[in-house]
Amino acid sequence: MNTHAHATSVLMDITPRPAAVFVRGEGSWLWDHTGKRYLDFVQGWAVNCLGHAPTLLADALAEQARRLITPSPAFYNDASLKLAGLLTELSGLDQVFFANSGAEANEGAIKLARKYGARYRGGAYHIITFDGAFHGRTLATMSASGKPAFAALFEPKVPGFTKARLNDLASVERLIGPHTVAVMLEPIQGEAGVIPADDRFLADLRRLTEERGLLLILDEIQTGIGRTGKFLHAEHAGITPDILTLGKGLGGGVPLAALLASARASCFEHGDQGGTFNGNPLMCAAGLAVVAHTSRAQFLAAVELAGGHLTQRLSALARRHQLGGVRGRGLLQALDLGDAIAAELVAATFEAGLLLNAPRPDTLRFMPALTVTQAEIDVMIEMLGAALHRQRRRLR
Ligand code: PLP
């Protein structure tokens, strides 16, 4: 079938897309409808932690699809119980609610914090979030986000969110008031351009929220499932939040997210939360296969090693081309280009067969499969270097 024969106008035009139609993937590689091959350092937006079409995931889905796809969220199923057991063990938290997207998990986290405020904190509902944050595209998660482009959209916003500055504890302290119930943040602001919260800041926030009786909500949708070399980024700072959200890598490419909470914070009552597809065994079987694999010490050590190689090669490239610095951790990294040339570079590397992402006009983001090889990182650097060279020559 010539997939390209389909009119693209049947899809809502929500983002600029190149004309290529992707038809196949394997590991770090994608193929479009013409047979052109691309090296993929976007991986579904930091989703495909095991790369494209991993056998482990395909087998888990096929096996589960033949057995039981969905009995109803009003009944228990074995896959969701097993995955919830594994996630609670790995996170040190007590209970899980499965969702179908990161935004939905975060929406649940916001609802849970408000429920906690209603039950234990005299109706407190304000949540302190951060400038530059990205928590999703539902109305509440857009309101929680600090993305400047969201500011004027879909007014009026959901009330109850105030914005502090990342890595500035005093800016958080100043916002705490009688209605505050929680502080919510990403350990690394991915969509903002890979801006890390310091481990010290995360530890200080944990102490502050504990002292003030507030919940700490960590959005590890982009940083979780081994992305930074630990199963959870929280482990780098030695903290356990009260509420944690996971998504993206959790399903290894299929839509699965999770809201986790400590026993005290997990205070939903019947009727407060739910959803038709939530916790269905098909997605949970995928999550189980992915988490069992990515949480192994050997797997995480390999991510750290690959991350070190990526940092080293990006830093050398930055020096050679007199660019800005390299930020991030593990296999979530950004290169500061020093100039607003990122979109042009992404278009040029796409032509050459390399998928990259530009979260900011002057920044490239790298979020390859966690199984990416050092040789694939070297190929990416070579292709990016060549694109930079061509761009420089053109500008001269
Ligand atoms: N939170 C963070 C930190 C994210 O990076 C994202 C997606 O990029 C989301 C939430 C939203 O997840 P989803 O797109 O699955 O709704």
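The values are calculated or read from the model by the stated rules, or taken from the named source; none is laboratory data. Remember, predicted model here, so these are calculated numbers, not experimental data. Positions of Cβ are backbone-derived with ideal geometry, glycine not excepted, and every protein chain shown enters the neighbour counts. Ligands, DNA and RNA are stripped out before the accessible areas are found, and what is left, the full protein with its side chains, is counted by its heavy atoms. Shrake-Rupley method; radii C 1.70, N 1.55, O 1.52, S 1.80 Å.
Quote the Stokes-Einstein diffusion coefficient, in whole µm² s⁻¹, for region 239-328, based on the Kirkwood radius over alpha carbon pairs, a temperature of 37 °C and a viscosity of 0.692 mPa s. Walk me through the numbers before you get to the answer.
Working: Rh = 16.6 Å.
For these conditions, the coefficient is 198 µm²/s.
Which whole-number percent gives the relative contact order of the chain, counting Cα pairs below 8 Å spaced six or more residues apart?
Working: 787 pairs, mean separation 86.4, N = 396.
So the answer I get is 22 percent.
Bin width 20 Å, alpha-carbon pairs only: give the P(r) of the chain as whole percents, running from 0 to the bin holding the largest distance.
In order of increasing distance, the bins hold 27, 58, 15, 0 percent.
Using the Karplus equation 6.51 cos²θ - 1.76 cosθ + 1.60 (θ = phi - 60°), what ³J(HN,Hα) coupling, rounded to whole Hz, does each residue of region 71-85 give in order, writing x for Gly and Pro?
3J(HN,Hα) across region 71-85, in whole Hz: x, 2, x, 7, 10, 6, 9, 5, 5, 5, 5, 5, 5, 4, x.
Which residue, Phe201, Phe366, Phe154, has the most motion in a Gaussian network model of the chain that connects Cα atoms within less than 10 Å?
Looking only at Phe201, Phe366, Phe154, the largest GNM fluctuation is found for Phe154.
Which far-off residues, 5 or more places away or on another chain, put their amide H under 5 Å from the one on Gln273, with H placed in the peptide plane?
none
Below 27 Å, Cα to Cα, which lysines can Lys111 reach? Residues fewer than 8 away in the same chain don't count.
Counting by Cα, and skipping residues close in sequence, Lys111 has these lysines nearby: Lys82, Lys147, Lys157, Lys163, Lys248.
Just check region 297-391 against the gyration tensor rule for me: Cα atoms, a ≥ b ≥ c as the square roots of the eigenvalues, rounded for a/c under 1.5, and otherwise prolate or oblate depending on whether a/b exceeds b/c. Intermediate values should be presented prior to the final figure.
Working: a/c = 1.84, a/b = 1.62, b/c = 1.14.
Prolate.
Filter the trypsin sites (Lys or Arg not before Pro) in region 10-56 down to the DSSP loop ones having no more than 16 other Cβ atoms within 10 Å, then list what survives.
On the way: sites: Arg24, Lys36, Arg37; in loops: Lys36.
Within region 10-56, the qualifying trypsin sites (Lys or Arg not before Pro) (loop, at most 16 other Cβ atoms within 10 Å) are Lys36.
By the gyration tensor of its Cα atoms, with a ≥ b ≥ c the square roots of the eigenvalues, what is the shape of region 13-132: rounded for a/c under 1.5, prolate for a/b over b/c, or oblate?
Working: a/c = 2.62, a/b = 1.50, b/c = 1.75.
Since a/c reaches 1.5 but b/c is at least a/b, the shape of region 13-132 is classed as oblate.
So with the 1.4 Å probe, I'd like the accessible area per residue for the chain, rounded to whole Å². Don't jump to the answer; show the numbers that get you there.
Working: 17670 Å² over 396 residues.
Dividing the accessible area of the chain by its residue count gives 45 Å².
Relative contact order (percent) for region 297-391, with alpha-carbon contacts under 8 angstrom and 6 or more residues of separation?
Working: 124 pairs, mean separation 26.1, N = 95.
RCO, region 297-391: 27 percent.
Considering only protein heavy atoms and a 1.4 Å probe, what is the carbon-and-sulfur percentage of the accessible area of region 289-341?
On the way: 1190 of 2370 Å².
In region 289-341, the share of accessible area belonging to carbon and sulfur is 50 percent.
Would you please classify the overall shape of region 344-396 from the alpha carbon gyration tensor, given that a ≥ b ≥ c denote the square roots of the eigenvalues, rounded means a/c under 1.5, and beyond that prolate means a/b larger than b/c while oblate covers the rest? Show your work: numbers first, answer last.
Values: a/c = 2.39, a/b = 1.50, b/c = 1.60.
Here region 344-396 falls in the oblate category.
Any idea what the dipole of region 355-396 comes to, in debye rounded to 20, about its Cα centre with Lys/Arg Cβ at +1 and Asp/Glu Cβ at -1?
Values: 7 positive and 4 negative charges, 88 e Å.
It works out to roughly 420 debye.
What is the packing order of peptides 340-348, 126-134, taking the mean over residues of other C-beta atoms within 10 Å and listing the highest first? Intermediate values should be presented prior to the final figure.
Details: 340-348: 17.6, 126-134: 23.1.
Top to bottom by mean Cβ count within 10 Å: 126-134, 340-348.
Normalised by the residues of region 1-144, what does the relative contact order come to in percent, with Cα pairs under 8 Å and at least six apart? Display every interim value, and only then the final one.
Values: 100 pairs, mean separation 16.2, N = 144.
In percent, rounded to a whole number, it is 11.
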